[in-house]
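Inspection log for the structure reproduced underneath, given as structure tokens.
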Amino acid sequence: MLTGTVVVAASFAYLMLLFAVAWYGDRRAEQGRSIIANPWTYAMSLAVYCTAWTYFGSVGRAASGGVWFLPIYLGPTLAMSLSWIVMLKMIRISRTYRITSIADFIASRYGKSHLLGGLVTIIAVVGMVPYIALQLKAISSGYSVLTGSDDSGVFPFATASWFNDGTLYVALTLAVFTVLFGARHLDAAERHEGMVAAIAFESVVKLLAFLVVGGFVTWSVYEGFGDIFARAFANPDLAALLSLQTASTAGYGGWFAMTLLALLSVIFLPRQFQVTVVENVNEQHLRRATWLFPAYLLLINIFVLPIALGGLLYFGRGTVDPDTFVLSLPLAHGEKALALLAFIGGLSAATGMVIVETIAVSTMVCNDLVMPLLLSTKRFKRNVHPDLTGLLLGIRRGAIVVVLLLGYLYFRLAGEAYALVSIGLISFAAVAQFAPAMLGGMYWRGGTRDGAFAGLLAGFVVWAYTLMLPSVAKSGWLDRDFLDQGLFGLDYLRPEQLFGLAGLDSISHALFWSLTANIACYVLVSLARVPTGQEATQATLFVDVFSRGQDAPATFWRGRAQVQDLQPLVARFLGAERARRMFEAYARERGVRSIEELKPDAGLVQFAETQLAGAIGSASARVMVSSVVQEEPLGLDEVMDILDEASQVRAYSHELEEKSQALEAATAELRAANERLTELDRLKDDFMSSVTHELRTPLTSIRAFSEMLLDDPKIDLKDRTRFLTIIVSETERLTRLVNQVLDMAKIESGHAEWHNTDIDMRELVGHAAETTDQLFRDRGAVLEIDLPDAAPHLRADRDRLLQVLLNLLSNAAKFVPDGAGVARVRLSAETGQLRVDVTDNGPGIAPEQLGVIFEKFRQGGDERSRPQGTGLGLPISRQIVEHFGGRLWVQSRPGEGATFSFVLPLPLESERGAGHAMT
Amino acid sequence: MMRRGLAGQRLVAAFLGGALLFNYPVLSLLDRSEPFFGMPMLWVCLFAVWAALIAVVAWIAERGAR
């Protein structure tokens, strides 16, 4: 056994170490180099979930129920896998609206209601009292086991009177420490960096201590897991613990209820809300906690069953309280240091829980219970308190002490009748009552203040009647009669078999009835009336927190207040210096130089209210701000108008987006059109310069020869005749060119005159061949004519078609080689069309020229060798053929001659008939 | 943003899977009296499923971080 002095000294040393960690954490936070701003610390701080209940109670639970200690940890694992959906939303909402506790969350969601905040606070306090008692009981019984001051270890100090009861001093010591950790000064955001650092440190300590003890029992006392389980299997009493069905009477329903209870608790326990939501530094930290915290739970539970079985095997059943196996097993093997370490681990677990829980609860008590009452008293309103920060701190410290003393009271009243786990479950069931109002508030717009109040009240009353009162009655402080016979002797009102519901364990039974009453009242009362403007506003702010910007909380009311009124108000609760700094920062954010220049608009009021909400809760902040603000609250219709407006704006912006897309498409079209125009413009310029160039060449030679004739009248007749011949031919060329340009322009603009008649193509081709016969003979070439015996007539302009044929034939005559030229013109009738091919054996056309020869003024062949021509023949021919619905093209390979072909469609039978009838 | 994306849906799926495995009737399948390598079948299976669930959730959550 250890002496009391050693244990107390070690405990104090450990608490001092914790305090040093917290102090260091605070200091680093002030320097802006936070040690808790990383995901590992965050996940470790969530492990405040594991209290003395886990540390001592799980083993006790396992000793009586085998694996039934596990649902308490499986539930949180499941809850954490949804954390990225549920908890992230809670964090975002709380950060955006400066919410610092569950009571504030619910009060704020349902229209900033004092009544709701107060009710939630009362439920939290009443619900947490047994849980705190559990921690006190764990510490005190651990102490007595270590020091051997009580032989059995089951009933420590049972007979002692209150003034020499060590537990009272434990409670007071913890109260002092909690005040030091959490209520030394006031923080607008209720964040306690040092405390979180200490909690994370504690979590590591309790895990290591428990693992060391587990390892000791498993491998030192016994020979590994196999050995312990083999011995347990051999013992029929212990073997029964290894199966779910034989270990407990609660059945699978009870297992499910327990899992659900733990799942809800890990989200809604005030201390979990504090570390998960309020103390969260960065939303991204939640990502790692999602798996790291469950992994922590798994680790700390691996040795629970081995320790429980080891203890039962060693001590036997009934001699030593299984809740203390973690301590008594090392002690029984003479490992005093190990036992002390185990005790420190348990102390860690208990103090961590007590500190965070009481801080969270004291924030609620101060902001949602005491402040609203204070603010509503007339005396308070009349007195102008210059600075209320001292008062706020005082209230919080008082609340911490009161909550711990209430815990002590419950411990004295009922603690001894229950195992640790059963006490904890009572608290869990109380916390579960927050779930409908919280989850409903985050995902359902229809929940109203009345609904939330009715649901919470109903759930709380049923919980108190079915769980809390029986726990007090069983410890003998109340008449047990109502347990067995029901209230007023009414059989169906028996607390543990309400309405005759039997066959469930007391926790599942209470959970079923309380949650049923809670949800039913919440939903039904909410649906009884339309939400008010304030409720609808808050519902929208909470439910749509992700779709609204984080920076711009919407203001759903009209109000204006002078900064001269608001700043002193904030200063009263946060201190003058801090208020000044806040307003200065806000002024900078708004881009004005000093506080005085701030515009007295709704944004300023919103800012002041948010700052106040962090310190005194949203409902109280609302009351305080409205006392200095001239404002008109908005009705439901107006709120809906604003919301509609927002959706209209969204619709407009969508429309705008569509329009801008259409505009972009139109711009692209315009650009393409512009490019086409530019290209056409360029073509026109090219055309103009080509035409003038073609005109200048004959003009130049005409002028030159004319001047020679003029200058020298004695020029002999032979030269004179030659010169005049040239001038005449050049003039002809000019005329031809001008005619062709005019022709071209007419055809292109559609002003050309077409004299359509019935044409026999055989006759036309023959005529063209005759006309060009001289040309070919001049070049010493042969023109072969290949005509079918008969060809259908077609309807076209005879002169134009002749022009095309002449053009193609004269081209062929130009390009055939001198003296050895062979050209061939062939007419053939195909289905529905007539085809004419003009083939020559000239030099052919290079592939890159094939496309361009049909362009104006682009002649084939190279500059020097090509024969004279206007460069308009082929373009005009093509225009003519296309005018009659035909096609003109060329096939050629360099060195192998060229074939120009065109087809003309024949008129349909009916048209032909009509044509004949007319002629 | 992980919330709306694939990771969020995967986490919900992991939750549903876990809720299924940790409850009746699947649980009753694991509750056998014969030992598993000298250890209680139920105890081993619960921890194995638990560890697997944590591994899956860790994979989803950390993967979404990239």
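The values are calculated or read from the model by the stated rules, or taken from the named source; none is laboratory data. For clarity, every value in this text was computed on a predicted model and none was experimentally measured. When we count neighbours, we look across all protein chains shown, and the Cβ atoms used for this are built from the backbone with ideal geometry, even at glycine. Ligands, DNA and RNA are excluded from the accessible area calculation, which covers all protein heavy atoms including side chains. Shrake-Rupley method; radii C 1.70, N 1.55, O 1.52, S 1.80 Å.
Descriptive notes on the structure:
- Estimated FRET transfer efficiency when R0 is 25 angstrom, pair A:Thr249-B:Ala52 (beta carbons, to 0.05): 0.25
- Computed with a 1.4 angstrom probe on protein heavy atoms, the B-A interface buries about 3300 square angstrom of accessible area in total.
- The stretch between A:Asp786 and A:Trp889, if pulled fully straight at 0.36 nm per residue, gains 35.1 nm over its current Cα-Cα span.
- Our estimate of slack between A:Arg798 and A:Arg581, defined as 0.36 nm per intervening residue step minus the Cα-Cα distance, is 68.2 nm.
- Peptide A:591-599, shielding by other chains (average Cβ, 10 Å cutoff): 0
- Across the options A:Val625, A:Gly885, B:Val44, the greatest Cα extent toward the positive end of the charge dipole of the protein assembly as shown (unit charges at beta carbon of Lys, Arg, Asp, Glu) belongs to A:Val625.
- Backbone geometry of region A:141-146 corresponds, through the Karplus equation with coefficients 6.51, -1.76 and 1.60 at θ = phi - 60°, to 3J(HN,Hα) couplings of 6, x, 4, 5, 5, 5 Hz, x marking Gly and Pro.
- Kirkwood Rh in Å, taken over all unlike Cα pairs in region A:199-270: 15.3
- Between the Cα long axis of helix B:6-21 and the first principal axis of chain B there is an angle of about 20°, rounded to the nearest 10.
- Gain in span if fully extended, A:Thr757 to A:Leu710, counting 0.36 nm per residue against the direct Cα distance: 12.0 nm
- With the Kirkwood sum run over all distinct C-alpha pairs, region A:8-137 has a hydrodynamic radius of 18.2 Å.
- Nearest 10 degrees, 0 to 90: helix A:434-443 Cα axis against chain A principal axis: 10
- The mean count of C-beta atoms from other chains within 10 Å of the C-beta of residues in B:47-60, rounded to a whole number, is 5.
- Sorting A:318-327, A:222-231 by average packing, meaning the other beta carbons within 10 Å per residue, from highest down gives A:318-327, A:222-231.
- Database remark: amide H of A:Ala823 closer than 5 angstrom to the amide H of A:Val782, A:Leu783, A:Glu784 (H placed geometrically; neighbours at sequence offset of 5 or more, or on other chains; Pro and chain starts carry no H).
- Rounded to two decimals, the Cα-based Rg/Rh of region A:1-63, with Kirkwood Rh, is 1.12.
- Using the empirical formula 2.2 N^0.38 Å as the baseline, the Cα radius of gyration of region A:638-747 reaches a ratio of 2.53.
- Normalised by 2.2 N^0.38 Å, where N is the number of residues, the C-alpha radius of gyration of region A:322-367 stands at 1.65.
- Environment charge of A:Val890, counting only residues whose C-beta is closer than 12 Å and scoring Lys/Arg +1, Asp/Glu -1: +1
- Extents of chain A, largest first, come to 159, 77, 59 Å (Cα atoms, principal axes, whole angstrom).
- Highest average first, the peptides A:5-18, A:742-755, A:292-305 ordered by how many other beta carbon atoms sit within 10 Å of their residues are A:292-305, A:5-18, A:742-755.
- Entries in A:Lys112/A:Lys599; A:Lys206/A:Lys474; A:Lys746/A:Lys814; A:Lys89/A:Lys112 that, when Cα-Cα distance is taken, lie over 30 Å: A:Lys206/A:Lys474
- With the convex hull constructed from alpha-carbon coordinates only, region A:678-819 shows a mean projected area of 12.8 nm² over all directions.
- Peptide A:610-622 is shielded by partner chain Cβ atoms: per residue, an average of 0 of them sit within 10 Å of its Cβ.
- Percent breakdown of C-alpha pair distances by 10 Å bin, ordered from the shortest bin, for region A:254-317: 17, 33, 30, 15, 5
- Here the dipole of chain A is about 3020 debye; that uses its Cα centre as origin and unit charges on the Cβ of Lys and Arg (positive) and Asp and Glu (negative).
- Alpha-carbon centroids, region A:249-271 and region A:178-237: separation in whole Å: 21
- Each label point was placed 7 Å from the Cα along the Cα-to-Cβ direction; for A:Val472 and A:Arg33 their separation is 5.3 nm.
- Region B:6-64: Cα Rg divided by the 2.2 N^0.38 Å rule of thumb: 1.30
- Relative to the dominant Cα principal axis of chain A, helix A:285-302 is inclined by about 40°.
- Mean Cβ count within 10 Å, highest first, over the residues of peptides A:254-264, A:332-342: A:254-264, A:332-342
- Pairwise FRET efficiency - A:Arg231 versus B:Leu29, Cβ, R0 = 22 Å, nearest 0.05: 0.25
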